[in-house]
Amino acid sequence: MEEMVEKLKAVMLGHAVGDALGVPVEFCTREALDSDPVTDMRGFGTHSVPAGAWSDDTSMSLAALDALCEGEVDYDAIMQNFVRWHLDAKYTSTDSVFDVGRCCSCAVINYFAATDGVSGAMERSRAFDFGFEGEGSNGNGSLMRIHPFVLYAHARQLPFVTWRELIDNGSRLTHAHERSRVGCLIYAFVLMHLLNEPRKDTIDLALRRAECELCDHPELAHYKRIFDPGFAKIPRSDIKSSGYVVDTLEAALWCLLTTDSYRECVLKAVNLGADTDTVAAVAGGVAGALYGYEAIPQEWLGTLLRRDDITALCTHAAGCWMGFADRS
């Protein structure tokens, strides 16, 4: 069980630290960050929150993880936790909700409006009724919160067909277009392989398997650069760090492939500019899996708000999934 706790902490806290590093400089240009690069935790920049505050990326991830702690996947329970986050500020770092993406916000609010006041069990799940299916709804809002689903699949040792469906469904809750869903699957392949074999060369193996398993997917072509053998050699100037799901996944994996430590990876991600919190969060999750919890700088963990809450949830999840939790 202790090994699983460490894996959860590495990924969840690795993600949260990346998020918190990026929050103060979100929307800053690359040129501005080249002049004043992020090297440590900051506060009160783009958003009026202190150093160590994390955003919706981590809040929604914690909401999903908390629901998954029950051991069985209940997508309505996950959506209900998203409602508690969005409307009641549960799972937040500052008791306030800020920096919420359009698709996530609308999906959660629409779910709440459709199910509020329903007593007892719903006749059918409403969880998948509100995820956005349009091509213009391919932001990174499902990619930024998909890692708890991968951690669950890893801990429960789910077969490929089952965990592929789990990741696909996890995205559909808010982002139902095939492009967002395949982006989450590519990320899941990388994270799953790193959880099993935390070595740098595992990344290439994971990408080869993803390309093979998803070869018939109609949206895979949008991610073709990731599968190019020379992807890591692409110059920084050609890497985009916008909120578009393809750009975010490319930037996060490029940072992972072109660095040799957790610290270097997340700082490289933040200093790309634009959607700094999400790119660094996505990069931080896989970097945590690769380098381990102990590789996350202690000074950053010490600054991270509500770190103990995240750690406690990781321990609880590992216990539930590995069969050690007291469920009385």
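Counting only residues that are in a helix (DSSP H, G or I) and over 14 Å from Arg179 (Cβ atoms), region 208-224 holds 6 of them. Out of the residues in region 298-324 that are farther than 18 Å from Ala63 by Cβ and touching a residue at least 24 places away in the same chain (Cβ under 8 Å), which is surrounded by the most Cβ atoms within 10 Å (Cβ to Cβ)? Top of the filtered list is Trp300. Within region 65-79, being farther than 19 Å from Thr115 by Cβ and outside any loop (DSSP other than H, G, I, E, B) holds for Leu65, Leu68. Does Ala274 satisfy being open to solvent by 10 Å² or more (accessible area, probe 1.4 Å), in contact (Cβ under 8 Å) with a residue 60 or more places away in the chain and within 16 Å of Glu31 (Cβ to Cβ)? Yes: the conditions hold for Ala274. For region 250-271, filtering for residues that are farther than 18 Å from Gly141 by Cβ, in a helix (DSSP H, G or I) and free of Cβ contacts under 8 Å to residues at least 40 places away in the same chain leaves 6.
Take the residues of region 130-150 that are in contact (Cβ under 8 Å) with a residue 12 or more places away in the chain and open to solvent by 30 Å² or more (accessible area, probe 1.4 Å): which is nearest to the chain's Cα centre (by Cα)? Show your work before the answer.
So the first thing to find is which residues in region 130-150 are in contact (Cβ under 8 Å) with a residue 12 or more places away in the chain, and the list is 130-135, 137-150.
With the extra rule that they be open to solvent by 30 Å² or more (accessible area, probe 1.4 Å), the set shrinks to 130, 132-135.
Numbers: Phe130: 20, Phe132: 18, Glu133: 20, Gly134: 21, Glu135: 21 Å.
In this case the residue turns out to be Phe132.
Within region 292-305, the only residue that satisfies the criterion of being part of a helix (DSSP H, G or I) and under 17 Å from the mean Cα position of the chain (by Cα) is Tyr293. Against the definition (open to solvent by less than 10 Å² (accessible area, probe 1.4 Å), in a loop (DSSP other than H, G, I, E, B) and either free of Cβ contacts under 8 Å to residues at least 40 places away in the same chain or more than 24 Å from Leu191 (Cα to Cα) (or both)), how does Ala153 come out, yes or no? Spelling it out, it is not the case that Ala153 is open to solvent by less than 10 Å² (accessible area, probe 1.4 Å), in a loop (DSSP other than H, G, I, E, B) and either free of Cβ contacts under 8 Å to residues at least 40 places away in the same chain or more than 24 Å from Leu191 (Cα to Cα) (or both).
Restricting attention to region 1-28, the residues that are open to solvent by 10 Å² or more (accessible area, probe 1.4 Å), part of a helix (DSSP H, G or I) and over 29 Å from Arg156 (Cβ atoms) total 1.
For region 225-246, filtering for residues that are of a type in the set (D, E, K, R) and in a helix (DSSP H, G or I) leaves 4. Restricting attention to region 29-55, the residues that are within 22 Å of Ser237 (Cα to Cα) and either at pLDDT below 95 or open to solvent by less than 40 Å² (accessible area, probe 1.4 Å) (or both) total 2. Among the residues of region 156-198, those identified as open to solvent by 10 Å² or more (accessible area, probe 1.4 Å), of a type outside the set (A, V, I, L, M, F, W, C) and either in contact with a Cys (Cβ under 6 Å, 6 or more places away or on another chain) or more than 17 Å from Ala107 (Cβ to Cβ) (or both) are Arg156, Gln157, Pro159, Thr162, Arg164, Glu165, His193, Asn196, Glu197, Pro198.
The values are calculated or read from the model by the stated rules, or taken from the named source; none is laboratory data. Nothing here was measured: the structure is a model prediction, and the numbers come from that model. As a convention, Cβ positions derive from the backbone with ideal geometry for all residues, glycine included, and neighbour counts pool all protein chains shown. All accessible areas refer to the heavy atoms of the entire protein, side chains included, with ligands and DNA or RNA removed. Shrake-Rupley method; radii C 1.70, N 1.55, O 1.52, S 1.80 Å.
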